[in-house]
Amino acid sequence: MAVATRVDPKSYFAPHEWAPLARRSRWTGLALLAHAWIVIGLAMAAAVAAPGWWKLIAIPLAIVVIGGRQLGVAILMHDAAHAALHPNLKVNDWVGNHLTTGGLIDYRNYHLAHHKYAQQAEDPDLVLSAPFPITPTSLRRKILRDLTGQTYWKQRWSSLAKRIANRKPGEPLWPMLKDAAYARRRFLTGMAVTVAVTAPFGYWWVWPVLWLVPQATWLPMITRLRNIAEHACVAKDEPDPLRHARTTRANWLERAVIAPYFVNYHCEHHMFMHVPCYNLPRAHRLLKAKGVMDGMLTAPGYVSVLRTASAKAAAPHPAIAAA
């Protein structure tokens, strides 16, 4: 099996430069996670408090902000998978399992295989980048499926629906529903608690509108954009470890709604995968000062990456091709 070439930090950093980059703070990761949940809560509160027709503006804005922070919570779980959220591994894993999206151990096993075989044939995430470039029409279709909830349904619920639809005559339905409920217990618990707290005050709609809608629409779209920015159009079996992933420059608005918590520094993350996310900007600046940036895979912005990823020409119409 082809293992991706790794980077030795000593090749780029003196010991006094590397030590602060590798250091895990006892509070910064936890503060970022608190920030994510506070922003979600404030966005919900603002949408609920908006008077009259102002809700027509406040609710869509809240959906965008909340979806971005839902991705942020997942990104911080990703840091926990690298044991980078907290220096105490027990605290790191407990927080990663219980205060983020959950499923830390299974995700860690999967994700570390992605780092081990980045852009090699054995990379489990290669399927996400392999189709690119695609045509602009194909990209628009994918984004439309994301924003209309089709991607969410396919990823989260379609397998259960197929199992129910294809069950054998006389096969009981309850065990299937019980297994599905257990697998989705975090989702169902969050729904039950939120509705129980808000419904007595007339805000029963908070969970479906301000949690489920962002999760089913904005989150899948920006997750797709993040995946495209990170690895699309990177060559399979790429030997250069500075080009296994792409760093994308992000402005303040992109950081707020599609690229939270330094996720855009993905080349640096693959080069030094145990560096906490909040230290990646410093690593970026040091590498730039040392002239390393010219050899790294970077992009000036997300629009630029999308143009590159959707640069494939459409196939000619059969009648034209036959002419």
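Positive contributions from Lys and Arg (+1) and negative ones from Asp and Glu (-1), summed over other residues with Cβ under 12 Å from the Cβ of residue 263, come out at -1. Placing pseudo-labels 7 Å out from each Cα toward the beta carbon at residue 121 and residue 49 gives an inter-label distance of 5.9 nm. In a fully extended conformation the segment linking residue 176 and residue 89 would gain 27.8 nm over its present Cα-Cα distance, using 0.36 nm per residue.
If you average the alpha carbon positions of the range 81-100 and of the range 236-286, how far apart do those two centres end up, in angstrom? Centre-to-centre (Cα) distance: 20 Å.
When only the Cβ of Lys, Arg, Asp and Glu is charged (+1, +1, -1, -1), the dipole of the chain relative to its Cα centre reaches about 500 debye. Each of 258, 57 was scored by other Cβ atoms within 10 Å of its Cβ. Arranged with the fewest first, they read 57, 258. Selection among 256, 97, 66 by position relative to the dipole of the chain gives 66 as farthest towards the positive end (Cβ unit charges, Cα centre). Taking every C-alpha pair closer than 8 Å and separated by at least 6 residues, the mean separation divided by the residue count of the chain gives a relative contact order of 26 percent. Counted residue by residue at 0.36 nm each, then reduced by the alpha carbon distance between them, the extension gain from residue 307 to residue 34 reaches 94.8 nm.
Mean separation of Cα pairs under 8 Å and 6 or more residues apart, divided by the residue count, gives the range 175-323 a relative contact order of 21 percent.
When the trypsin sites (Lys or Arg not before Pro) in the range 206-247 are filtered for DSSP coil states and for at most 16 other beta-carbon atoms within 10 Å of their beta-carbon, the remaining sites are 236. Sorting 65, 193, 292 from the fewest to the most surrounding beta carbons within 10 angstrom yields 193, 292, 65.
Taking R0 as 51 Å, what FRET efficiency do you get between residue 98 and residue 314 from their Cβ-Cβ distance, rounded to the nearest 0.05?
0.60
How high is the FRET efficiency from residue 193 to residue 235, r the C-beta distance, R0 41 Å, rounded to 0.05? Step by step, r from the Cβ atoms, then E = 0.30. Mean projection of the Cα convex hull over all viewing directions, computed for the chain: 22.8 nm². Summing Cβ point charges (Lys, Arg +1; Asp, Glu -1) relative to the Cα centre of the range 204-323 gives a dipole of roughly 240 debye. Using the Cβ-Cβ distance between residue 25 and residue 61 with R0 set to 45 Å, the FRET efficiency works out to roughly 0.90.
Taking 0.36 nm per residue of separation and subtracting the Cα-Cα distance, what length does fully extending residue 135 through residue 17 add? Residue separation times 0.36 nm, minus the Cα-Cα distance, leaves 38.2 nm. Dipole magnitude for the range 241-306: about 140 debye, using +1 per Lys or Arg Cβ and -1 per Asp or Glu Cβ, origin at the Cα centre.
Grab the other residues whose beta carbon is less than 12 angstrom from that of residue 119, score K and R as +1, D and E as -1, and report the net. Residues near residue 119 contribute -3 overall.
Restricting attention to the chain, lysine pairs at least eight places apart or on different chains and with alpha-carbon atoms under 23 angstrom apart total 14. Working note: 222 nm ellipticity from helices only, DSSP H runs with n ≥ 4, each -39,500 (n - 2.57), summed and divided by the residues of the chain, gives -17500 deg cm²/dmol to the nearest 500.
Throughout, read-outs are computed from the coordinates displayed, never taken from laboratory work. Quick caveat: nothing in here was measured; it's all calculated off a predicted structure. Glycine also receives a Cβ, built like all others from the backbone with ideal geometry; neighbour counts cover every protein chain displayed.
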